[in-house]
1. Which is farthest toward the positive dipole end of the chain among Thr369, Asn309, Met111, measuring Cα position about the Cα centre, with Cβ charges +1 (Lys, Arg) and -1 (Asp, Glu)?
2. Using the beta-carbon distance between Arg26 and Asp149 and R0 = 30 Å, what value does 1/(1 + (r/R0)^6) give for FRET efficiency, to the nearest 0.05?
3. Over the chain, what relative contact order in percent results from Cα pairs under 8 Å that are six or more residues apart?
4. How much length, in nm to one decimal, is gained on full extension between Met338 and Ser276, taken as 0.36 nm per residue of separation minus their Cα-Cα distance?
5. Set the Förster radius R0 to 35 Å, insert the Cβ-Cβ distance between Thr373 and Asp248 as r into 1/(1 + (r/R0)^6), and round the FRET efficiency to 0.05.
6. Consider the candidate values (1) 22.5; (2) 23.4; (3) 21.6; state which one is Kirkwood radius over Cα pairs in Å computed from the structure displayed.
7. Remind me, relative contact order of segment 95-228 in percent, using alpha carbon pairs under 8 angstrom and six or more residues apart?
8. Mind listing which trypsin sites (Lys or Arg not before Pro) in segment 88-155 are in a DSSP loop and have 11 or fewer other Cβ atoms within 10 Å?
Amino acid sequence: MKLHEFQAKEILSKYGVPIPKGTIARTPSQAAAAAFDMGGTVVVKAQVHAGGRGKAGGIRVANSPGSAEQAASEMIGTNLVTGQTGSNGVPVESVLIEEGLEIEKELYLGMVIDGATKGVVAIASAEGGMDIEEVAECTPEKIIQVSIDPVLGLQPFQGRKIAYSLGLEQGQIREAASLTQNLYKAFVSTDASLAEINPLVLTKDGRLLAADAKLNIDDDAIFRHKDIQSMSDHSQEDSLEVEARKYDINYVKLDGNIGCIVNGAGLAMATMDVTSSAGASPANFLDIGGGADEEKVSKALKIVLSDDNVTAILVNLFGGILRCDIAARGFVMAIEEMPDLSRPMIVRMLGTNSDEGREILSKSGLDVTLVETLEEAANAIGQFS
């Protein structure tokens with residue numbers, strides 16, 4: 001689960017991570033009032049679940065309450081398009097009004113779950129800011145990674161190592177090491193999958209502050225954090241993904257044209273590879289799970305059919321707990337309820353009651369191509385590439 005910047009900062013500050021003074025505003029007049037109360041120069045920051053705001057005009061400096069109100073009016077109620085949002089962008093419903101900072105240096109500090117080490121990895125660089133991706137690509141030696149033992153946690157010497165890597169003065173090392181420890185405590189305590197401060201700024205008056213922050217919470221652990229769960233903003237998410245979660249369907253919308261319906265995450269990944277190798281592109285990742293019934297199968301197909309980009313659907317099922325005949329009846333049910341959205345289907349069914357499932361589909365009158373192998377599926381998909 002993703003959080004807005006102001007929410008991430010609110011959580012991190014509870015664990016001792018220093019943040020600038022700021023106020024959330026949901027109308028231009030609120031933005032003006034916040035800027036007036038703060039005094040001086042402020043920064044108006046669009047609150048969206050996407051990076052790249054600065055380059056997309058989603059972060060602006062305002063030197064007066066009037067200019068803060070103007071900036072907010074040009075953001076709130078619009079869709080912000082960044083390099084991470086796609087062409088439609090995401091809606092801006094609020095802005096963060098924050099004190100202007102006189103910045104000496106922009107640094108980077110983050111933590112993420114690393115699948116290779118099966119633990120948390122801290123990542124730091126003395127060159128933070130909007131171009132951190134370019135730094136990582138062109139000068140990777142400027143980024144350090146520190147693996148953290150999940151039992152021992154972040155050790156003091158590791159905190160100091162990270163602090164020194166940021167190129168700070170000797171008098172700032174203890175503060176930076178403490179900040180790193182606090183970020184790790186927040187990461188672990190909230191079951192985060194990603195915590196990022198970019199930039200972590202050193203101001204001209206010697207303060208270290210999280211000028212921007214990102215915090216993603218593990219979806220499988222969010223039930224333990226009702227307070228954070230209440231911060232969810234569905235306006236920032238794809239509506240089909242939100243709908244899929246209601247039915248415990250693992251669905252991620254992509255940009256392709258071939259809808260995929262599969263049971264099992266590994267098989268789903270292989271199916272997406274087959275789609276790509278055929279010269280087409282998957283429109284989604286969808287793992288329907290092993291214990292689905294007809295209604296859940298029907299809902300999965302309806303969700304895929306609701307994507308206007310889908311021109312055909314590839315079904316790849318291995319019957320087990322989910323019998324193939326149950327899946328077939330679910331597909332027929334979905335098309336009967338949404339006939340106007342019907343698309344050609346390429347179906348590969350193996351396992352429990354696969355013959356029954358294939359027979360149901362062959363007699364259904366649906367536009368179905370039944371295949372035995374992935375190679376046959378790839379050949380059938382080719383006409384839609």
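1. Met111
2. The pair Arg26/Asp149 has a calculated efficiency of 0.10.
3. 12 percent
4. Answer, rounded to one decimal: 19.6 nm.
5. After rounding to 0.05, the efficiency reads 0.70.
6. (2)
7. 27 percent
8. Lys118
Throughout, read-outs are computed from the coordinates displayed, never taken from laboratory work. Small disclaimer: the values here were computed from a predicted structure and weren't measured. Backbone-built Cβ (ideal geometry, glycine too); neighbour counts: all protein chains shown.
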